[in-house]
Amino acid sequence: MLAPTIGQSCPLVVRRDGHESLETWVASHRPWLHQTLLQDGAVLFKGFAVTSADAFGRAAGVLSGRLLEYVYRSTPRTSISAHVYTATEYRADASIPFHNENSYQHDWPMRLAFCCIEAPLSGGQTLLARTAAVTHRIDIDVRRTFASRGVKYVRNYQHGVDLSWQTTFQTDSKSEVEAFCARESITCEWLGGDRLRTSQVSQGMATHPVTDQELWFNQAHLFHVSSLGPEHQAMLAEMFAEGDLPRHAYYGDGGRIDESTLDHIRAAYDAERIAFSWEAGDLLLVDNMLVAHARAPFTGPRRVLVAMGDPYSECVHATGRA
């Protein structure tokens, strides 16, 4: 028998007690898993020995429904196999801020699956924060402002700085980029020297389609240049005019977001921080709207894979067609 054991309520931990595969377990516990994920936001499976990309891909497909391609990327990743990617490849001595995956877009995965193939020597925790609790900590006037004005994300793609447009859009074709942008309501402008500028206005808040909670759901605090820290921000200010920054965030109407507001938002995430340490073979399933995630610095090798599933469109939902 496989028994769920509760430590921290997020993530709830399920430990294998026998030889049943994760896929078999999910098949017989799907209603329980669905309700638990809505209640706790994240479930950590331990002891199922998911130790390869292929095994993880199969498990993620069972856990997350239809898996998604990672297009219009915001972070560097490597494709391992069909719909399986490395977690964000960012230097080991730095943190990755809290965020809900793809919340800078109109479309996002409802479920994320992470798998630890190799645990780091120290650190490297995937940090979690309940989005509802974060939302409650953010000042009501800030929430109302973001809900009404939205967030405008501006990105400039140029050789050797941040991601290239070829990597972001997973194509070398300018016409394919233009077609994607047209479908996703992204404004794109080709500049000299193969440079590209895009901008998109997306939601500041979003409603969970099942729980009906209105949640803080954007990446303004991550895209805004202030997220890089004072030293890096000053360096970029010397290199680029504001409109040419590799990435930046504004209110949806183009107004500037005060840095003190962004610090307040970051503090709300940090106040709800939950940490757990990876062990090889662990698999974490997250409701991407109910729980935000981040990454702590680490030492030694760290190999964590991710798959995204159960696609959701805010635009389709808003028109009543979903």
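A few points about this structure:
- Applying the criterion of being out of contact with any Ser or Thr (no Cβ under 9 Å at 6 or more places or on another chain) and hydroxyl-bearing (Ser, Thr, Tyr) to the residues of region 55-100, the residue that is nearest to GLU272 (Cα to Cα) is SER95.
- Qualifying residue in region 183-194 (condition: farther than 22 Å from VAL71 by Cβ and under 23 Å from the mean Cα position of the chain (by Cα)): no
- At least 2 residues being exposed (fewer than 15 other Cβ atoms within 10 Å of the Cβ) and in contact with a strand residue (DSSP E or B) (Cβ under 7 Å, 6 or more places away or on another chain) is the threshold, and among the strands (runs of 3 or more DSSP E) wholly inside region 176-243 those reaching it are 187-190.
- Inside region 283-316, residues that are part of a loop (DSSP other than H, G, I, E, B), within 19 Å of the chain's Cα centre (by Cα), within 13 Å of GLY124 (Cβ to Cβ) and not small (Gly, Ala, Ser) make up a count of 2.
- Meets criteria (within 28 Å of THR171 (Cα to Cα) and modelled with pLDDT under 95) for VAL201: no
- For region 122-143, residues that are assigned to a loop (DSSP other than H, G, I, E, B) and either modelled with pLDDT under 95 or not aliphatic (A, V, I, L, M) (or both) total 3.
- Some residue of region 223-239 being among the polar types (S, T, N, Q) and touching a Leu at 6+ places or on another chain (Cβ under 9 Å): yes
- Remark: SER9 falls outside the filter, which requires a residue to be among the hydroxyl-bearing types (Ser, Thr, Tyr), at pLDDT below 95 and more than 24 Å from the chain's Cα centre (by Cα).
- Residue in region 165-176 that is out of contact with any Phe, Trp or Tyr (no Cβ under 9 Å at 6 or more places or on another chain), over 19 Å from GLU259 (Cα atoms) and charged (D, E, K, R) present: yes
- So PRO120, is it surrounded by fewer than 18 Cβ atoms within 10 Å (Cβ to Cβ), under 25 Å from ARG303 (Cβ atoms) and either in contact (Cβ under 8 Å) with a residue 60 or more places away in the chain or not β-branched (Val, Ile, Thr) (or both): no
- Selected residue [touching a residue at least 12 places away in the same chain (Cβ under 8 Å) and either surrounded by fewer than 20 Cβ atoms within 10 Å (Cβ to Cβ) or of a type in the set (S, T, N, Q) (or both)] from ARG144, ARG77, ARG91, ARG111: ARG77
- The criterion of at least 1 residues that are modelled with pLDDT of 90 or more and either in contact with a His (Cβ under 6 Å, 6 or more places away or on another chain) or among the hydroxyl-bearing types (Ser, Thr, Tyr) (or both) is met by the following strands (runs of 3 or more DSSP E) wholly inside region 14-117: 84-86.
- Single residue of region 23-45 satisfying the filter (in contact (Cβ under 8 Å) with a residue 12 or more places away in the chain and over 18 Å from ASP287 (Cα atoms)) that is surrounded by the fewest Cβ atoms within 10 Å (Cβ to Cβ): ALA27
- Residues in region 170-182 that are among the β-branched types (Val, Ile, Thr) and more than 25 Å from the chain's Cα centre (by Cα): there are none.
The values are calculated or read from the model by the stated rules, or taken from the named source; none is laboratory data. Predicted model, so just to flag it, every value in this text is computed and none were measured. So basically every Cβ, Gly included, is an ideal-geometry build from the backbone, and we count neighbours across all protein chains shown.
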